[in-house]
1. Amide H to amide H, which residues 5 or more places from D311 or on other chains are under 5 Å from it, using H placed in the peptide plane?
2. Counting alpha carbon pairs within less than 8 Å and at least 6 residues apart, what relative contact order, in whole percent, applies to the chain?
3. Please give the charge dipole size of the chain, origin at the Cα centre, charges +1 on K and R Cβ atoms and -1 on D and E Cβ atoms. Round to the nearest 20 debye.
4. For a 20 Å ceiling on Cα separation, which of these pairs sit above it: K247/K297; K177/K369; K22/K297; K220/K366?
5. Farthest toward the dipole's positive end in the chain, which of S125, V286, T362, given Cβ charges of +1 (Lys, Arg) and -1 (Asp, Glu) about the Cα centre?
6. Give a quick list of trypsin sites (Lys or Arg not before Pro) in the range 317-400 that DSSP marks as loop, anything other than H, G, I, E or B, with at most 16 other Cβ atoms within 10 Å.
7. L344's amide H: which non-local residues (gap 5+, or another chain) put their own amide H closer than 5 Å, with H modeled 1.01 Å from N in plane and none for Pro or chain starts?
8. Under a 10 Å cutoff between Cα atoms, tell me which one of P255, P181, P189 has the largest fluctuation in the Gaussian network model of the chain.
Amino acid sequence: MRNALLTLALAAIALHAGEHPKVRAITAFIDVDPLGYTHQIEDAAKFLNAARDAYRSAGWEVETIRIATQPFPQYTQGLTHDAALAMLRGIDSLGAKLSFMPSIGPAMWNDGDSSAVDLLIDFLSEPGHTNASLITAAEDGIHWNAIRHAARLIDTVSRRSVHGQGNLNFAAIAMLKPYGPFFPGAYHPGGSRAFSIGMEGAGVVAEVFAQEHDPRAAEKKLTEALNVQLGAVERIATEIAASKGWKFAGLDPTPAPLGQVSIARAIESFTGAPFGSSGTMTAAAVITRAVQSVAVKRVGYSGLMVPVLEDAVLTRRWDEGAFSMDSLLAYSAVCAAGLDTIPLAGDTGEERLAHILSDVATLAYKWQKPLAARLLPAPGRKSGERTEFDDARMANALIH
């Protein structure tokens, strides 16, 4: 009881001082159908707005609200290609109208049926903000057919979308379980009315690593800090679930970065050297162990995110050549980094893309851990040139 009261007191102090991180995402998981999807999505958006208000009332800033449907082939099956495309565009339009980020889930639930991949290619090739995925590894093994189709999708969308940035809304996901809140990989199997929470917690890591440089001490202190912050987040989510009749699926404590809220800067304060130098893997492991020790109901990656183009310091170090795709795959052995927002030459091609995706899937399946790949071939750009994306969510960088 005394420990519980102390935790609550610490949480209250942190909240009062404004030292807690942002809630990056409140993500709702719902089922939709072609006839009723507008009403179904509007109902979910009302719930998300109420949930956001609850967090704001408790002193937490909420960055985004998100809705993930069941896998879109489940509700577009039986529609003509044009009708299915119109429905997906309708979902995207609702996202803009109601100010939420949509996800339509994986195009292939298993490694057999690829009939919806061409529909997804056409959809992602047009401007929009809706996310989707392909599952390249799961409990049943590596999905080699899905890897091939994911490579084809990435290559085609890079050539057909503006600046190739349609691929920003797509991820090849491996060993990622349902109900993770972070996009593009968020999905659920259907039959759900649930929500989960994702945090922008890189600042918490930075505060701890600025004070502690011994791995054992840093891990202990980071676990304590995350427990205080995330325990408060979970309590609010539990109250929302009870009052609104929705299931709380869990919380992803991964300390997501964004812009100047940089996980790379946090790691550099721990190692005293640029991200990619010796000690980076140790820092990645410390963060991941601390995250996975947090006493909350966990979902999603529950590790470390290293999005090259969404973290200002990561982008700078990538330009400097301080780390590479091989570095990120090595770090992924001890965390959930994967290959996130990787700039590639426009002529990378399907075969090379498939090799990259198969490496991620193989590593994820070998170690039974969630990994994802967001690969961004830049059309017309070669090694040594810079990308020219114009999406506010990411920076531009050199292609190596």
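Just so it is clear, none of the values below were taken in a lab; they were calculated from the coordinates. None of these values were measured; they are calculated from a predicted model. Ideal geometry is used to build each Cβ from the backbone, glycine not excepted, and the neighbour counts take in all protein chains shown.
1. Hits under the 5 Å cutoff: G259.
2. 17 percent
3. The calculated dipole for the chain is roughly 800 debye.
4. Too far apart for the 20 Å limit: K220/K366.
5. Of S125, V286, T362, it is V286.
6. In loop regions of the range 317-400 (DSSP not H, G, I, E or B), the sparsely surrounded trypsin sites (Lys or Arg not before Pro) are K382, R393.
7. L376, A378
8. Taking springs between Cα atoms under 10 Å, the residue moving most is P189.
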